[in-house]
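This report refers to the structure that appears directly beneath it.
Here, each number is a calculation from the coordinates, and none is a lab measurement. Model, not experiment: these values are computed from the prediction. When we count neighbours, we look across all protein chains shown, and the Cβ atoms used for this are built from the backbone with ideal geometry, even at glycine.
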Amino acid sequence: MNTEIVAKLRQSLTKTSLKDIAQDRRATTEARSAFLLLDCSGSMAEHCEPSRPKITALRELVDSLRAGGLIFTQVIFPGQHWAAEIDNNIYDPCGGTPMHAALEVANIEDAKHAVIISDGMPDDEGATKHAAAELKKKSVKIDVFYVGPYPHPGEKFLRSLATMTGGKFQATTLSTAQKLKLTEGVKTALLTGPKR
């Protein structure tokens, strides 16, 4: 009789374990459909406070998101080899701001939600709006964290980009004083993206 109970117990544990594994895989897949699009253009070498480049602050922000267990797909623009690419590294700032390419990567990779952190204008406003419109057709909202100077045409453009897709816009900085607030804002945006 004890052998029969042990066998039933093992069987029920296995079913629960497989169910748990399947749920974990679904959650991971869903989390990876949240895309974090990071501006790594030349202007990110500018300092957000004395002796602290914006790119350093951006790296720290992303590291803290990952350390907190958050799973997302990271797209950097410009990339090392292409205008935009999926990459877990954040390289030294260089080049322009091919934001349209980052949005196109999110579209091709079937993003369910996109969050942009940028400090300025895209290289091509028309192509960026078009790429955003293509994501909107798939019900993808774009949340934007603008980390550039005020006032600036980039702020106005990025606000309109978020608005046109039904996303949220926040103007902030990458300063140490704003680090916790910005990290929490980005984390919330990535976790609360639309579910399908």
Item to check | Base-10 log of normalised Debye intensity for the stretch 33-191 (one unit scatterer per alpha-carbon) at q = 0.11 Å⁻¹ | outcome: -0.35
Item to check | Stretchable slack from Glu46 to His81, in nm (0.36 nm times residue separation minus alpha-carbon distance) | outcome: 10.3 nm
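Taking loop as defined by DSSP and a crowding limit of 15 other beta carbons within 10 Å, which chymotrypsin sites (Phe, Trp or Tyr not before Pro) in the stretch 49-123 fit? Present the calculation step by step, with values, prior to reporting the outcome.
Numbers: sites: Phe72, Trp82, Tyr91; in loops: Phe72, Trp82, Tyr91.
Within the stretch 49-123, the qualifying chymotrypsin sites (Phe, Trp or Tyr not before Pro) (loop, at most 15 other Cβ atoms within 10 Å) are Trp82, Tyr91.
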Item to check | Label-point gap, in nm, between Glu109 and Thr163 - each point 7 angstrom along Cα→Cβ | outcome: 2.9
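What FRET efficiency, computed as 1/(1 + (r/R0)^6) with R0 = 30 Å and r the Cβ-Cβ distance, is obtained for Leu180 and Lys137, rounded to the nearest 0.05?
Numbers: r = 35 Å, r/R0 = 1.18.
That pair, Leu180 with Lys137, gives E of 0.25.
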Checklist outcome for this item: Unit-weight point scatterers at every alpha-carbon of the stretch 42-91, Debye formula, q = 0.26 1/Å: log10 I(q)/I(0) is -1.03
Next on the checklist: Multiplying the sequence separation of Glu4 and Ala67 by 0.36 nm and subtracting their Cα-Cα distance, what value in nm do you get?
Outcome noted: 18.3 nm
